[in-house]
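The values are calculated or read from the model by the stated rules, or taken from the named source; none is laboratory data. Since we're looking at a predicted model, the values are computed, not measured. Here the Cβ positions follow ideal geometry from the backbone for every residue, glycine too, while neighbour counts run over all protein chains shown. When the accessible area is computed, the model is the full protein with side chains, heavy atoms only, and any ligands, DNA or RNA have been set aside. Shrake-Rupley method; radii C 1.70, N 1.55, O 1.52, S 1.80 Å.
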Amino acid sequence: MPNNQYSILPRGMGGYHGRRRIGYRSSLCDPNGVAYSMILADTTKALLKTAGIEWTRTNCLLLITIVALWPLCNVKKLTVLAPFSLLGSFGILFTVGCMGWRYFDGSYAPGGRYVNNLSEDMKPSFGAVGAAGALSADVFILVCMTFQAYFAHYNAPRYYVELKRNTITRFGGVVASSFGISALLYVLLAVFGFLTFGENSDGFILNNYSTSDDLATICRVCIAVALVFTYPLPFIGMRDGILDLLEVPIQKQTSQNLNVLTVVILTVITLLAMNFTDLGIVNAVGGALFGTAVVFIFPALMFRDAMHGLGFHATTKQLQESRFSVWLMWFGITIGALGVFIALSG
């Protein structure tokens, strides 16, 4: 399929300007790419430390970017990554199991066998607030983080086109099952992580686990494999968005030009990942800004434009839904603004 994947959207869905909005959104520096690079840098550093090799975080990031990410981001079809993505999914499932095991066996509880290996800011710490903490303003940070689940949406046209027997019904089933399983796994990750380390839970939870913990080491390998082979998915979507934004003709989207653009984008992402170390802040602010756009703003604007395009043919119900979507957009903007403010001020 052509790289400017948004051109396959029906013109009624926001018309030309609606499709350009998607291109604008995905051509921005997607925080998922920065977050993935940050995680891979931390993971590589911890794995090398386990092997007795002390490398700086920056050197680890450069190593994983040049050796693994750059070649994979040059792939032209996402289907070649399917077997490895499945392997990564099993790795995440294994990580969930190991985190649950470590919580129940008390290895990181007071007096546990690994707790004394941790620095003070990584040791478990629990207050007395209890469930009332769910009513604090900090919950907006978590809500903004969840918006990142929708960052895959701008790749939806490519997923649909490359899906075997790509009917709408089958595509809907794939999306529903994938999101359902992912949601369950990440809820369990969050629960076991927080129950084990409390308020000292790091933005990348595996940073809390000792480098002497063999299970945690295996989990780091699993997460690294999962992220390395998942990395091209948001990356290629972002690259396609830039091409669409710049209206690059198909004939100029040669392998050489795509490879050059890949190097430029990877360089920017890597530089950002070098300078940011708090994954929680990146996820919260990225989710609040970009997630709000893709969840609340662009769909509402595209639907409103589509209704305007219908003119007198739009039904009363459609017009009411259009007005409701605009109100929902402003609700999302408010939530996102609160999330950014609280994350940065905290």
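A few points about this structure:
- Pairs with Cβ under 9 Å, 6+ apart, first in segment 248-266 and part of a helix (DSSP H, G or I), second of a type in the set (D, E, K, R) and open to solvent by 50 Å² or more (accessible area, probe 1.4 Å): Ser255/Lys76; Leu258/Lys76
- Complete set of residues in segment 292-321 that are closer than 23 Å to Ala156 by Cα and among the charged types (D, E, K, R): Arg304, Asp305
- Criterion (among the hydrophobic types (A, V, I, L, M, F, W, C), over 30 Å from Ile205 (Cα atoms) and part of a helix (DSSP H, G or I)) met by exactly one of Ala306, Ala293, Ala284, Ala337: Ala306
- Breaking point among (1) more than 30 Å from Leu69 (Cα to Cα); (2) in contact with an Asp or Glu (Cβ under 8 Å, 6 or more places away or on another chain); (3) open to solvent by 40 Å² or more (accessible area, probe 1.4 Å), for Ile342: (3)
- Scanning segment 69-79 for any residue that is surrounded by 14 or more Cβ atoms within 10 Å (Cβ to Cβ) and within 30 Å of Phe197 (Cβ to Cβ) turns up at least one such residue.
- Some residue of segment 30-48 being more than 28 Å from Cys144 (Cβ to Cβ) and at pLDDT 70 or above: yes
- Inspection of segment 191-203 identifies no residue that is open to solvent by 40 Å² or more (accessible area, probe 1.4 Å), closer than 15 Å to Ile39 by Cβ and in a helix (DSSP H, G or I).
Rundown of residues vs (1) in contact with a Lys or Arg (Cβ under 7 Å, 6 or more places away or on another chain); (2) open to solvent by 40 Å² or more (accessible area, probe 1.4 Å), yes/no style:
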residue	(1), (2)
Leu261	yes, no
Ile265	yes, no
Ala273	no, no
Val282	no, no
Thr292	no, no
Met329	no, no
Thr334	no, yes
Leu338	no, yes
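- Subset of segment 206-217 that is open to solvent by 30 Å² or more (accessible area, probe 1.4 Å) and within 12 Å of Thr43 (Cβ to Cβ) - its residue that is farthest from the chain's Cα centre (by Cα): Thr211
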